[in-house]
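A.B. asks: Got a structure here, written out as structure tokens. Questions coming.
None of the figures in this text is laboratory data; all of them are computed from the coordinates on show. Since this is a predicted model, take the numbers as computed values, not measurements. Using ideal geometry, Cβ is built from the backbone for each residue, glycine included, and neighbour counts are taken over all protein chains shown.
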Amino acid sequence: MTRTPCRGIPSTMRALGSKRVLSIGAGPDEEAAYMTVYWVNTFTAIHDPQRVSAYAKVAGPAMEAAGGVFLAKGDPVAVLEGADLRSTIIAFPDREAAVAAYESPAYQRALEVLGDAAERQIRVLAAIDDSA
């Protein structure tokens, strides 16, 4: 299957620890990804935008320190179905790294800053193994 690269997305995403994010348009000589997961955070309600902004300033570095790589964040550029909800997608090398990031003292501090300023849904999804 031939893939057309999307503008602004590198042909192979950067390394995450000893593993790699799934390659987009990977050639036969490029390393395939294994175990990558994606943390998907969707804000279903924002009650205090200033506290959400303060949370983001603490949460971002906490996620990066835990090995996360931000792939997308912010308001949607288009809504095809459903509500216009602010979301974040972060790649982690594996499920354990994503859960450890959530449970880390640095991210727990970010959650204290956020408090009841927003309602969210957070899910961790496994990447599709398209190497077969």
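A.B. asks: Applying the Karplus parametrisation 6.51 cos²θ - 1.76 cosθ + 1.60 with θ = phi - 60° to the phi angles of segment 80-95, what ³J(HN,Hα) value in whole Hz is obtained for each residue in order, glycine and proline being reported as x?
C.D. replies: Values, residue by residue: 8, 8, x, 8, 7, 10, 5, 9, 9, 10, 10, 8, 10, x, 6, 4 Hz.
A.B. asks: Continuing with the same structure: Could you calculate the contour length gain from A106 to F43, that is, 0.36 nm times the residue separation minus the distance between their Cα atoms, to one decimal place in nm? Let's see the in-between values first.
C.D. replies: Details: separation 63, 0.36 × 63 = 22.68 nm, distance 2.01 nm.
That pair, A106 and F43, stretches by 20.7 nm at full extension.
A.B. asks: For R120, enumerate residues with amide H under 5 Å from its amide H, sequence gap 5+ or separate chain, H modeled in the peptide plane.
C.D. replies: Here the answer is T44, since their amide H atoms fall under 5 Å of that of R120.
A.B. asks: Sorting check: for 37-43, 47-53, which peptide has the highest mean count of neighbouring beta carbons within 10 Å, and how do the rest follow?
C.D. replies: Values: 37-43: 18.4, 47-53: 12.9.
Final packing ranking: 37-43, 47-53.
A.B. asks: Additional query: In nm, give the distance between the simple-model label positions of S53 and L80, each being 7 Å from the Cα along the Cα-to-Cβ direction.
C.D. replies: 3.2 nm
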